[in-house]
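Readers should treat all values here as calculations from the given coordinates under stated rules, not as data from a laboratory. Keep in mind it's a predicted model, so treat the numbers as computed, not measured. Cβ placement follows ideal geometry from the backbone for every residue including glycine, while neighbour counts extend to all protein chains displayed.
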Amino acid sequence: MFSVFKRTLSSATMLSGLLFLAGCGGGDGGSVTPVTPQTNVTFGLTWGARSRAIAGPSSALSVRVVLSGALQNGGDLVLPINRQADPAGYTQQVTAPQSSKVGTFPMSVAFYSGADGTGDIVASAETSVTILNDGTGIGNVTTENRVQTVQVVSPGAFVGTETRQLQFLAKDDNDAIIALSPGSATWTLVEGSDHLSLTADGIATGKTSGYATVRVSVDGATSAPLRLEVDNDPDGAPTTLNFDDLPSVSHFAGTEITDEAKLSDRYLNTLGIVFSSTPGYVSVTNLPQGDAPSSPNGISGATADGRVAHGQADPIVISFFDPKNPTEKAVVKSFSCAKDNDGIASQNIVATAYDVNGEVIAVSTTPDTLGAIVSVSSTVPAIHRIVLIGSVGDHNGISFDDIAFTPVVPVR
């Protein structure tokens, strides 16, 4: 029976047979002509499980068994056998359609990556076998797998929830590439299931921004793990921050900002957003009931000496970075925020958007009216930094709330 195993370096092949009776005859009183015994070679062939059914070249889709000189005319008995489409392992009984001689013959076995003995040889063996009268006698044959190394081909970063077929590269002991198709491999997700899903067939789907590690196995060879990156979808649902769960201070200008109410990189490693003003942070401020779009908190600028400020001298600056690699800049497609419900209609709110090179790409000017919404956007993810300048006032200067931004996309 020939066996092809996906996860062992070599596979044992055992040939077992069906009973075949061979006879001989003679004349009545004349000379007897010797008859060379003949039989039909028969054996069991076991195919190891594959990761899925697939058309086209793939590891061990066919086998070619050759018994040299076994035919009555001295020719070779050649038995090409194709694997069935079923990806599960199975055993089939094979009986040669041609009669062969009984005796000892050289035998070669070659497993191919394609049907009908085409493609690369993925396993092979050579031995000498003795065929008996009943067609059996081949015994056990050990085949040597040709695939010695395998590696995952880097697919680049996944964006959002896109789905891809992962690819691999298989090589022999001479470092030559063996052409195989996806169904030859079995894939494993080592870590990062929160960020990526992976089937045993190598179908990978992004989930959330982060990293995942995968590896692949082919015919007993296993790759080194490869880390894959998943980025947010730039057109995905926006994130909104309202700051209501943070400690705060009074919104009156000049209020000393406590350490607990200072906000800068609190969300850097999770959302990729950083807040700053003149001293490098903004103030989380408490607004009167009904004065915040979503009570009770908003954010305000800060003076160099750490006090609440409103107006042009101490603007609020919001920047985006890759939460997986916070030193790398990131961009968004759109940004918006709501001002508090007080208003000074004679003054304006100005939001200026900059790209990673510091170039202005959008400016939005909005009158400081009751609950005004300020927004900037770009046709592609390009906004790295937003500068917010509000109206000037003691208690009625602007505080901002409900900061909303599209998914953060790292800059490559």
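Based on the Cβ-Cβ distance from Gln151 to Thr365, what FRET efficiency comes out when R0 is 56 Å, to the nearest 0.05? Let's see the in-between values first.
Details: r = 55 Å, r/R0 = 0.98.
Working from the Cβ atoms, E equals 0.55.
Give the order of Thr406, Thr186 when sorted by the count of other beta carbons within 10 angstrom, beginning with the fewest.
Values: Thr406 23, Thr186 20.
Taking fewest neighbouring Cβ atoms as first place, the list is Thr186, Thr406.
Quick check on the exposure proxy: order His195, His384, His251 from fewest to most C-beta atoms within 10 angstrom. Display every interim value, and only then the final one.
Details: His195 19, His384 23, His251 29.
The most exposed by this proxy come first: His195, His384, His251.
Full extension from Asp259 to Tyr211: what is 0.36 nm times the residue separation minus their Cα-Cα distance, to one decimal in nm? Write out the running numbers ahead of the final one.
Details: separation 48, 0.36 × 48 = 17.28 nm, distance 3.32 nm.
Taking Asp259 through Tyr211 to full extension adds about 14.0 nm, to one decimal.
Taking Cα centroids, how far is segment 176-252 from segment 297-328 in Å?
32 Å
Would you mind checking the pairs Lys207/Lys333; Lys207/Lys329; Lys207/Lys324; Lys171/Lys207 and listing those with alpha carbons more than 24 angstrom apart?
On the way: Lys207/Lys333 20 Å; Lys207/Lys329 22 Å; Lys207/Lys324 15 Å; Lys171/Lys207 32 Å.
From the list (Lys207/Lys333; Lys207/Lys329; Lys207/Lys324; Lys171/Lys207), the Cα-Cα distance tops 24 Å for Lys171/Lys207.
What FRET efficiency, computed as 1/(1 + (r/R0)^6) with R0 = 60 Å and r the Cβ-Cβ distance, is obtained for Val78 and Asp194, rounded to the nearest 0.05?
Working from the Cβ atoms, E equals 0.65.
Considering amide H positions built from the backbone, and no H for Pro or chain starts, which residues 5 or more places from Thr255, or on another chain, come under 5 Å of its amide H?
Here Val308 satisfy the definition.
What distance in nm separates the simple spin-label points at Arg227 and Thr104, each placed 7 Å from Cα in the Cβ direction?
Between Arg227 and Thr104, the label points sit 6.0 nm apart.
What number comes out for the charge environment of Gly306, summing +1 per Lys or Arg and -1 per Asp or Glu over other residues with Cβ under 12 Å away?
Numbers: positive: Lys262, Arg307; negative: Glu256, Asp259, Asp305, Asp314.
Net local charge, Gly306 excluded: -2.
Evaluate the charge dipole of segment 239-410 about its Cα centre and quote only its size in Debye, nearest 20, assuming +1 on the Cβ of each Lys and Arg and -1 on the Cβ of each Asp and Glu.
Roughly 460 debye, rounded to the nearest 20.
Mind sorting Val331, Val190, Val109 by how few other Cβ atoms lie within 10 Å of their own Cβ, fewest first?
Least crowded to most crowded, the residues run Val190, Val109, Val331.
Which percentage, to the nearest 5, of the DSSP beta bridges contained in segment 239-410 is antiparallel?
Here the share of antiparallel DSSP bridges comes out near 95 percent.
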